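The values are calculated or read from the model by the stated rules, or taken from the named source; none is laboratory data. As the structure is a computational prediction, the values presented were derived from the model and not from experiment. Because the Cβ atoms are built from the backbone with ideal geometry, glycine has one as well, and the counts that use them run over all protein chains shown.
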Amino acid sequence: MAKITLESGFTFDVTNLYGPDKITDEAVRAFAPVYTKAHAAMMEMRRTGLMAGHLSKDGEPEAVLFPQLPYIQEGNINCPERIMALEELARTSRNRVDAVIFLGIGGSYLGGKVLFDVQCGEFWNLKSTEARKGFPKAFFAGNNVDSHKLSGLVSFLKTDSKNKPDYTVMAVIISKSGSTIEPMSNYMILRQAMGDAGIHFETVAVTDPHHGAERETLLHGLAKKSEWPMFRVPDGVGGRFSVFSEVGLIVGVLIGFDIRQFLAGARDMDQVCHDSDIWKNPALLNSVLKYLAGARQGRALEVLMPYADNLKSLSEWYIQLLAESLGKRLDKQGKVVHYGRTPIVAVGTTDMHAQTQEHQEGPQDKVVQFVSVQYWDDDVTVPHMYDEYPKLAAFSGLPLSRILEAARGSNAEALAGDGRPSANYILPELTPYHLGELMFMLCLSIAYEGEYANVDAFNQPGVEVYKRLLGDRLQKLQEE
């Protein structure tokens, strides 16, 4: 078997992606000069914060600082003082705030939602305060302009507050500029509704940290004027990488997620990925094999299929990471290349009954990547209830985790039998530490691939086009 296993137990298994009739050893060795150069560029980026060819949306050189995020130390974005400020917010909110609403979109929403799903799960808000250990109910808004959803949230909060005179709602607005339409429109409606209902409402802003009239953003100025607590959307960290910054960590602390262990997992993964040996560096191996699958075999779609319901949001987070980083019209020299790979969200076993037919017999244009968990602390076993029926007796007495893994293995084997590649990220347990390992590995993999493809993995010029057009349309609506 072809795989990398770290001391933590994290395993990256590429048995069904690498080897004869797959991405061959010869192809990897021939590609070595390219990935060696990319690795050197990544090491330089870690040292200086600069990646050659990366420009801001204003066309100016801009730092790339996400590699420093796992390291809690003086002078870094996540310095001890900032981490303690987050933990203090959690301490003062616990057993006091009844509901927290996170308002953000894109990177200001997707990463935090992963932390929530792993820590809390879908039944969190149905639990008692005691079962939540004093942490508030949590909701996500501002990731769309959908009246139906927001009206439902407002209605719930009004009902939930009826028997508690001091019911408190905290809104956490996450926006670098404060002019992003989705979170700010949701916030203003939510604040008005809570005020009209007489519900105590407080606001925390996560925004650009700069002071001064020339650099201060709208949200920063509003927060300062209103005396809201402020946290930081750091410079040099694109939204899709920001889950390791205060943008994502603020969600973690307010729901009891261990952010220090999350960062420790990311840090240890980063340390391993300093190694230039492709068989010791999982991010390097991952990026090389997927790039070659695309370049040599035309595999322009990538399915991320975790075998865990509460990791669906991981796939949704990864969609932005991959699509926004690598989907580029131009290379670093301005040549039209239209590079990219289309990401697809899937969940096992759910989508084995939905997408696998196409994965198995559709075009040979996909790489499937699984995520599996070895040990579940809340595993349950199917009881021996109907053993007189052989088809039900076949899985009676088995833990659901074993059935889940058997299904994943069958899926991988079926794909491999038809020459369809897949790989598997194996987490020993679904903990903040191992989640940090996986998410940071994926960030590093994307950064590597940007170098192979010679595209700027840290800008998003295509996003700016629709924003300009939307601004014009909104202006016309105001005039009408």
Exercise. If you take the residues in the stretch 109-133 that are under 10 Å from the mean Cα position of the chain (by Cα) and in a helix (DSSP H, G or I), which one is surrounded by the fewest Cβ atoms within 10 Å (Cβ to Cβ)?
Worked result: LYS113
Exercise. Residue check: is LEU404 at negative phi and touching a Phe, Trp or Tyr at 6+ places or on another chain (Cβ under 6 Å)?
Worked result: yes
Problem set entry | Any chance TYR71 is hydroxyl-bearing (Ser, Thr, Tyr), over 13 Å from LEU249 (Cβ atoms), surrounded by fewer than 19 Cβ atoms within 10 Å (Cβ to Cβ) and under 20 Å from the mean Cα position of the chain (by Cα) | yes
Exercise. Which of the residues that make up the stretch 454-480 are among the aromatic types (Phe, Trp, Tyr) and surrounded by 12 or more Cβ atoms within 10 Å (Cβ to Cβ)?
Worked result: PHE458
Exercise. Does at least one position in the stretch 76-97 carry a residue that is in contact with an Asp or Glu (Cβ under 7 Å, 6 or more places away or on another chain), under 16 Å from VAL233 (Cα atoms) and in contact (Cβ under 8 Å) with a residue 60 or more places away in the chain?
Worked result: yes
For this session: Would you check if ASN76 is assigned by TED's automatic domain parsing to the domain that holds SER177 and at pLDDT below 95?
Result: no
For this session: Provide a single number: the residues in the stretch 77-93 that are part of a helix (DSSP H, G or I), β-branched (Val, Ile, Thr) and under 23 Å from the mean Cα position of the chain (by Cα).
Result: 1
Exercise. Do the conditions hold for GLY334, that is, is it over 20 Å from LYS312 (Cβ atoms), in the same structural domain as PHE458 (by TED's automatic domain parsing), surrounded by fewer than 18 Cβ atoms within 10 Å (Cβ to Cβ) and under 21 Å from the mean Cα position of the chain (by Cα)?
Worked result: no
Exercise. Quick one: what pairs do we get from the stretch 187-207, first residue closer than 13 Å to ILE173 by Cα, second buried (at least 20 other Cβ atoms within 10 Å of the Cβ) and among the basic types (Lys, Arg), C-beta under 9 Å, 6+ apart or different chains?
Worked result: VAL206/LYS176; VAL206/ARG232; THR207/LYS176; THR207/ARG232
For this session: Any chance you could count how many residues in the stretch 454-468 are in contact (Cβ under 8 Å) with a residue 60 or more places away in the chain and within 16 Å of GLY340 (Cβ to Cβ)?
Result: 10
Seminar exercise, completed: Subset of the stretch 144-177, residues in a loop (DSSP other than H, G, I, E, B), out of contact with any His (no Cβ under 7 Å at 6 or more places or on another chain) and touching a residue at least 12 places away in the same chain (Cβ under 8 Å), comes to ASN144, VAL145, SER161, LYS164, SER175, LYS176, SER177
Seminar exercise, completed: Going through the stretch 11-57 in order, the residues found to be part of a loop (DSSP other than H, G, I, E, B), among the charged types (D, E, K, R) and under 26 Å from the mean Cα position of the chain (by Cα) are LYS57
Exercise. Is it true that some residue in the stretch 151-159 is modelled with pLDDT under 95, surrounded by fewer than 18 Cβ atoms within 10 Å (Cβ to Cβ) and not aromatic (Phe, Trp, Tyr)?
Worked result: no
